[in-house]
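Asks: What follows is a structure written as structure tokens; I'll ask about it next.
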2 protein chains.
Amino acid sequence: MKNVLFIMCDQLRFDYLGCAGHPTLQTPNIDKLAARGVRFDKAYVQSPICGPSRMSFYTGRYVRSHGSTWNKFPLRVGEMTLGDHLSKLDVRTVLCGKTHMAADTEGMKRLGINPNSAIGVHISECGFEVWDRLDGLHPDGAQEPSHYNDYLRGLDYGGPNPWEQWANSAQGEKDDEILSGWLMSHADKPARIEEEDSETPYTTSRAIEFMEQSKDKSWCLHLSYIKPHWPYIVPAPYHDMYDKDDVIPVLRDEVEREDPHPLLEAYHQHRFSKVFCRDDVRERVIPAYMGLIKQIDDQIGRLMSYLEESGQLDETLIVFTSDHGDYLGDHWLGEKELFHEQSVKIPLIIVDPSKDADQSRGSVSDALIESIDLAPTFVDFFGGYVPDHILEGKSLLPHIRQNTAVERDFVISEYDYSSRLARSLLKKSVKDCRLTMVYDGRYKLIHVEGYRPMLYDLNEDPQEFHDLGASAEHAGIRENLLSHLFDWARQHHNRVTISDDEIDKRAGMEFFRGIQIGFWDQEEVNQAHKEGRGGN
Amino acid sequence: MKNVLFIMCDQLRFDYLGCAGHPTLQTPNIDKLAARGVRFDKAYVQSPICGPSRMSFYTGRYVRSHGSTWNKFPLRVGEMTLGDHLSKLDVRTVLCGKTHMAADTEGMKRLGINPNSAIGVHISECGFEVWDRLDGLHPDGAQEPSHYNDYLRGLDYGGPNPWEQWANSAQGEKDDEILSGWLMSHADKPARIEEEDSETPYTTSRAIEFMEQSKDKSWCLHLSYIKPHWPYIVPAPYHDMYDKDDVIPVLRDEVEREDPHPLLEAYHQHRFSKVFCRDDVRERVIPAYMGLIKQIDDQIGRLMSYLEESGQLDETLIVFTSDHGDYLGDHWLGEKELFHEQSVKIPLIIVDPSKDADQSRGSVSDALIESIDLAPTFVDFFGGYVPDHILEGKSLLPHIRQNTAVERDFVISEYDYSSRLARSLLKKSVKDCRLTMVYDGRYKLIHVEGYRPMLYDLNEDPQEFHDLGASAEHAGIRENLLSHLFDWARQHHNRVTISDDEIDKRAGMEFFRGIQIGFWDQEEVNQAHKEGRGGN
């Protein structure tokens, strides 16, 4: 029996792990995964924001291909997901945690698909069988977490929205004073919930529950933590495991604010950027962020113990990753969305139980990886054929098992800022807010519609302080990266109903179905039959 | 009551009409349409081959967007068609004739859509309500024409396949000798069928039958003739209305075969090209091709009489067009598929019954038109909102009614030759056979993966004999056209589930749903509420 445990964190930066070199944050359990598998040091998301990034993970396709270009923009009905590919291999594709999926209800209506039917639910849940969905952002008045609030209520966490009032708030000095976790000034306080009832352990428990009850059939379990994504608040004892002395220095330079690219300048105006420019904010928030990661690490330990004890460790491919990073004030920015490493690069560890993978255990790979590589990797792991006219990434198993190079000259990542304040500041129409990154392992170019591109040389300037987008001496470099981008943009991304093999098989066959094009007389037809091809 | 009569021929060249200047072919009825409407002199298909071109007409989207890149490559389930857009406006979208649609049966199965249900049939028939489907190529052993063979059998045209043995064959000298219309040597003989029973009058009759029975609700009738597409054979009296003296001179030059572009050289090797290089072939085939057009013209006359007599002329928008052209030996080529005017340019006449259109009646427009403009034109005609995140063309009504310029700097057309012999000759993989034309009204560039582009200057060289793709002095021109192509390739083509307006409406609203990003304390939140925006 083979299984895949596909663990994703939300907004976890690539460098906030012990194994990735963080000097003060200890993550021994995640580090153990790295020691047992391959840690990919150049892995990138297809879009540095939750929804589009996740839709790329789940469809194995670029954002331009699946079309869900921002959070809650519905994934078009018919777009194939992991669940579609793995069900063909008799594998259950199961969710515990967050997906950020928005269903294409209009499309389903048009196609007569009842959203409550098995297929309707499958589509609405992005191809996952929902064991427990918890999307992680449930402010008062919004949709409830699917099961988590009921769970909390059963434990006597009362009130209209336990997610908000208990799991993501702190207790004030007065009995009736609740301090909202949305506000960063409260980040140093413990969430007013027992640690084991908070989101990360809850989701882990649900995952273990699934694994314990599902030993009769192969599965791909997406264990999708909503943390360390904001609200930045964590229960005791994690709330004071770190303090301001544990915070690594901010990566920013005055040169970034001198004559910046207009887009960067606009992003500096966002509230989430401005607040993270304050040292007191970073010193209050980042320790909580670290606590949330530490909590995840402990839960990974719990998971691994379970897998080991239940004898599933040797048959389970384990992936540990994130949907994007978090600027945390670096580059004078907060949140994510742009393409500095802090935002677009992700932690990625893959532990392949196969003996063939022994050769790569504990190694660090600097191959250029895209998040869309995971879907084909899973299909490959379960022994399936990878339909590369649909899945646009590449299986990583040959790299992990035979040290085969990953064939990729550049990675692509996309973002569309039409939903952001930056659009008003720059006075752009909705159509003109497309950004595309193309990165070849040294040079990173960001194409910005209507402006010059940005360019960084990560060899000479690993911290990406110096935008070479206007540098005359780098014109040739930009030319080269733009040419990669052009190549990529011209590719088929939508010919999803027929494979290359099938096209190859059909080519020239119309003649044998009686479609005789360009023949003068029967003699020519007879001759063509002898030669075995119609000649077109 | 408003209606649209959307007439399409198959493989009708733009210049084989009297009104387009053909010196020997008279098409008085089509010319009358031109006199009553606008004739577009620079109209181009999105792909110079039946299937992909038609899918673009019917979806209003580029080939790269709808993904059906060759004949019978299924149109993905969920892709919206004219029928979807017009049914919202309470208009029936009806088919008499050819669509070349291939259904995405796998996609339907995945979504649990029964292909025989109303929605399944709607999807399978490309959104059309089928009054009569006749795809025009039904060799022995292939699928039967849906109704036409039954119709012929009812008239005592016997045998296994009356489409093949009667409508598309000639009578030999002996009683049992049937001369196949697939063979060009038979093109001068009459098809062995009464003229009124042949495909063009049959399809016209079915269309009139529909119109006669459907006066209670608005309709868009796609009257889609399969002619003058091969088999090149036509019943009496049309088979000898023209002879070799009526054939216009071939447009080809030896310079085209001196050091040609590798792709062109490969296309010259196709049987359909080689046969059309023979003068005897052109002299035998083209008179039949002209006879087929003449027959269509007579049927258009019959149609117009019907519309006039039934009083529907004043409420019906009439379109006359084709899905691509036919080289007929020009440029040493047969068939279509490449991007010379003979292949990619189409006749297009639009007769708008509105009084506002009086100002443009009888005019010839040289605006750059793409075939995807028709779908939004129809939606606009019926008073609907054009969803421009889905429909990628532009309504032509403002141009026809107010003489507003069509905003377009270039037209795009695409083709993929992976199903053709050229691929083996050039030793290309299936993925590497993409061609894209970008034409700005003077210069036409064809981007060929893996090779230099081709370039033609239609001002200096209207016959497109001189490929400037390697000309040093045209480097800047090529640069400019490639830059247009790059712009186009980067656009969203797949964000089909949410409109620009909706994005605009949602922008910044997450703050008001309780998602508070980047706030330090409650005072800042209160201030943001006062200012009416969360600041991101």
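Asks: Find every distance from the label point of B:Gly301 to the corresponding label point in the other copies (7 Å from Cα along Cα→Cβ) and write them in nm, one decimal, shortest first.
Replies: Label point to label point, same position, other copies: 9.3 nm.
Asks: What dipole magnitude, in Debye to the nearest 20, does the range A:385-536 give about its Cα centre under +1 on Lys/Arg Cβ and -1 on Asp/Glu Cβ?
Replies: Dipole about the Cα centre, nearest 20: 620 debye.
Asks: Right, here's the next one. Is there a pair in B:Lys109/B:Lys336; A:Lys394/B:Lys431; B:Lys88/B:Lys227; B:Lys98/B:Lys244; A:Lys274/B:Lys505; A:Lys98/A:Lys336 whose C-alpha atoms are over 27 Å apart, and which pairs would that be?
Replies: Over 27 Å apart, Cα to Cα: B:Lys109/B:Lys336; B:Lys88/B:Lys227; B:Lys98/B:Lys244.
Asks: Kirkwood Rh and Cα-based Rg: tell me the resulting Rg over Rh for the range B:309-356, rounded to two decimals.
Replies: In the range B:309-356, Rg relative to Rh is 1.25.
Asks: Here's another thing I want to ask about it. Would you order A:His529, B:His186 from fewest to most other beta-carbon atoms within 10 Å of each residue's own beta-carbon?
Replies: A:His529, B:His186
Asks: Of B:Phe382, B:Val448, B:Asn403, whose Cα points farthest to the positive end of the dipole of the range B:329-486 (charges on the beta-carbon: +1 Lys, Arg; -1 Asp, Glu; origin at the Cα centre)?
Replies: Result: B:Val448.
Asks: Please report, in debye to the nearest 20, how large the charge dipole of the protein assembly as shown is about its Cα centre when each Lys and Arg carries +1 at its beta carbon and each Asp and Glu carries -1 there.
Replies: 640 debye
Asks: Taking a label point 7 Å from Cα toward Cβ, how far is A:Ala475 from its twins in the other copies, in nm, shortest first?
Replies: Computed spacing set for this position: 1.1 nm.
Asks: Other chains near B:100-113: what is the mean number of their Cβ atoms within 10 Å of each residue's Cβ?
Replies: Mean inter-chain Cβ contacts per residue within 10 Å come to 4.
Asks: Here's another thing I want to ask about it. Across the protein assembly as shown, how large is the tail of the calculated P(r) beyond 54 Å, expressed as a percent of all Cα pairs?
Replies: Counting every Cα pair in the protein assembly as shown, those more than 54 Å apart make up 25 percent.
Asks: Could you check the spin-label model distance between A:Asn459 and A:Val255? Points 7 Å from the Cα along Cα→Cβ, value in nm.
Replies: The modelled label-to-label distance comes out at 1.7 nm.
Asks: Filter the GluC sites (Glu not before Pro) in the range B:316-400 down to the DSSP loop ones having no more than 13 other Cβ atoms within 10 Å, then list what survives.
Replies: none
Asks: Measuring from a point 7 Å out along Cα→Cβ, what nm distances, shortest first, does A:Lys274 have to its partners in the other copies?
Replies: 7.4
Asks: Roughly how compact is chain A, stated as its Cα Rg over 2.2 N^0.38 Å to two decimals?
Replies: Taking N as the residue count of chain A, the ratio is 1.04.
Asks: Next question, about the same structure. How high is the relative contact order of the range A:390-536, in percent, with contacts defined as C-alpha pairs under 8 Å that are six or more residues apart?
Replies: The value is 14 percent.
Asks: Using just the helices of chain B, give the 222 nm mean residue ellipticity in deg cm²/dmol: DSSP H runs with n ≥ 4 each add -39,500 (n - 2.57), and the total is spread over all residues, rounded to 500.
Replies: When only DSSP H runs of four or more count, the value is -9000 deg cm²/dmol.
Asks: Counting just the Cα atoms, what span does the range A:67-128 cover along each of its three principal axes? Round to the nearest Å and put the largest first.
Replies: 30, 26, 18
Asks: OK, next. Using a simple charge model, +1 on the beta-carbon of Lys and Arg, -1 on the beta-carbon of Asp and Glu, nothing else, what dipole does the range A:3-489 show about its Cα centre, in debye to the nearest 20?
Replies: 1240 debye
Asks: Measuring from the lowest to the highest alpha carbon on each principal axis, how far does the range A:1-123 reach, largest first, in angstroms?
Replies: 55, 36, 21
Asks: Also, quick follow-up: Normalised by the residues of chain B, what does the relative contact order come to in percent, with Cα pairs under 8 Å and at least six apart?
Replies: Dividing the mean separation by the residue count of chain B yields 21 percent.
Asks: Would you mind computing the Rg to Rh ratio of the range A:415-536 from its alpha-carbon coordinates, Kirkwood style for Rh?
Replies: Rg divided by Rh gives 1.31.
Asks: Out of the DSSP beta bridges found with both residues in the range A:3-489, what percent are antiparallel (nearest 5)?
Replies: Approximately 45 percent, going by the DSSP bridge assignments.
Asks: Related question: Above 17 Å lies some portion of the pair distances; for the range A:86-212, what is it as a whole percent of all C-alpha pairs?
Replies: 65 percent
Asks: Now, a different point. Between the range B:47-122 and the range B:320-392, how many Å separate their Cα centres?
Replies: After rounding, the separation between the Cα centres reads 19 Å.
Asks: Still on this structure: Over the range A:23-72, with a single point scatterer placed on each C-alpha, what log10 of the ratio I(q)/I(0) does the Debye formula yield at q = 0.13, 0.15, 0.22, 0.29 1/Å?
Replies: With one equal scatterer per Cα and no solvent, log10 I(q)/I(0) is -0.47, -0.58, -0.78, -0.97.
Asks: Of the GluC sites (Glu not before Pro) in the range B:396-469, which ones lie in a loop per DSSP and count no more than 15 other C-beta atoms within 10 Å?
Replies: Sparse-neighbourhood loop GluC sites (Glu not before Pro): B:Glu407, B:Glu460.
Asks: Within 10 Å of each residue's Cβ, count the other Cβ atoms and sort A:Arg192, B:Arg495 from fewest upward.
Replies: So the ranking, lowest neighbour count to highest, is A:Arg192, B:Arg495.
Asks: What fraction of the DSSP beta bridges in the protein assembly as shown is antiparallel, stated in percent and rounded to the nearest 5?
Replies: Once the DSSP bridges in the protein assembly as shown are tallied, antiparallel ones form about 45 percent.
Each reported figure results from applying straightforward, stated rules to the coordinates on display, with no laboratory input. This is a predicted model, so every value here is computed, not measured. No Cβ is skipped: glycine too gets one built from the backbone with ideal geometry, and neighbour counts run over all protein chains shown.
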